[in-house]
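A short write-up of the structure that comes next.
The values are calculated or read from the model by the stated rules, or taken from the named source; none is laboratory data. Predicted, not measured: the structure shown is a model, and the values here were computed from it. Here Cβ is always computed from backbone atoms with ideal geometry, including for glycine, and neighbour counts include all displayed protein chains. Calculation scope for accessible area: heavy atoms of the full protein, side chains included, ligands and nucleic acids excluded. Shrake-Rupley method; radii C 1.70, N 1.55, O 1.52, S 1.80 Å.
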Amino acid sequence: MTMHLYSYFRSSASYRVRIALNLKGLTYETVPVHLLNQGGEQFLPEFSTLNPQSQVPVLEEDGHHLTQSLAILEYLEERFPTPALLPADPLQRARVRQLALEIACDIHPLNNLRVLRYLKRDLEIAEAQKNAWIAHWIKLGFAALEQQLAAGTADMQRGRFCVGDTPGLADCCLIPQIFNARRFEVDMTPYPTLVSIEQACEALDAFRLAAPGAQPDAA
């Protein structure tokens, strides 16, 4: 049965899952959920029944609905183990998860749509202040990632990608966050290692086909 991915073209979390599905060569159909139309289609009752958090992505397979992008990525890894998104070595697997969580838990949530809406609508901050908020948290997170990835460790040797010469879970998280950084005009000059990984990923169809501009609902 074909999987369905409830997705928004600019959603970082949806973007991660699209990359993973493509890397594993899986067939799926996109069900667009526009996060801005009608006050946000994610709040409509028919979607909220799929995910009470009113967030994308939602992966549907055989009548089951999975939410939370990293949980979906782990599910795909267990359900379709090859090609692998995680190394075989337990310590390296932990390192890859460490990088993915730094992005998905410490950088992205501070800049996602519902946080930015609260800053604008409820706290009434100016557009320049909002953009400064976004840049601050991305720069803080990217500085740490750059330091870790540039130096590497005995158990986390970087190749062309975050860990090794095969794209994996950490790359699925990094590329959408770099897209967001560029969207909000964050200067990437201080992060040459991240840019090098970005270039390696963009050479692959799995990443190009997952990009926001390549989605059926791209505006």
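Remarks
- So Glu124, is it part of a loop (DSSP other than H, G, I, E, B) and free of Cβ contacts under 8 Å to residues at least 60 places away in the same chain: yes
- Yes/no for Glu74 being within 25 Å of Thr166 (Cβ to Cβ) and open to solvent by 40 Å² or more (accessible area, probe 1.4 Å): yes
- Within region 99-117, the set of residues being at pLDDT 95 or above and open to solvent by 60 Å² or more (accessible area, probe 1.4 Å) comprises Leu101, Cys105, Asp106.
- Selection within region 1-54 - open to solvent by less than 40 Å² (accessible area, probe 1.4 Å) and of a type in the set (D, E, K, R): Arg16, Arg18, Lys24
- Given (1) aliphatic (A, V, I, L, M); (2) assigned to a helix (DSSP H, G or I); (3) more than 14 Å from the chain's Cα centre (by Cα), number of the condition Ala181 does not satisfy: (3)
- Contact map, region 43-57: residues that are free of Cβ contacts under 8 Å to residues at least 12 places away in the same chain paired with residues that are in a loop (DSSP other than H, G, I, E, B) and of a type outside the set (Gly, Ala, Ser), Cβ distance under 9 Å, separation 6+ or inter-chain. Pairs shown: Leu44/Val33.
- Scope region 154-171; condition modelled with pLDDT under 90 and either in a loop (DSSP other than H, G, I, E, B) or open to solvent by 50 Å² or more (accessible area, probe 1.4 Å) (or both); matching residues: Ala154, Asp155, Gln157, Arg158, Gly159
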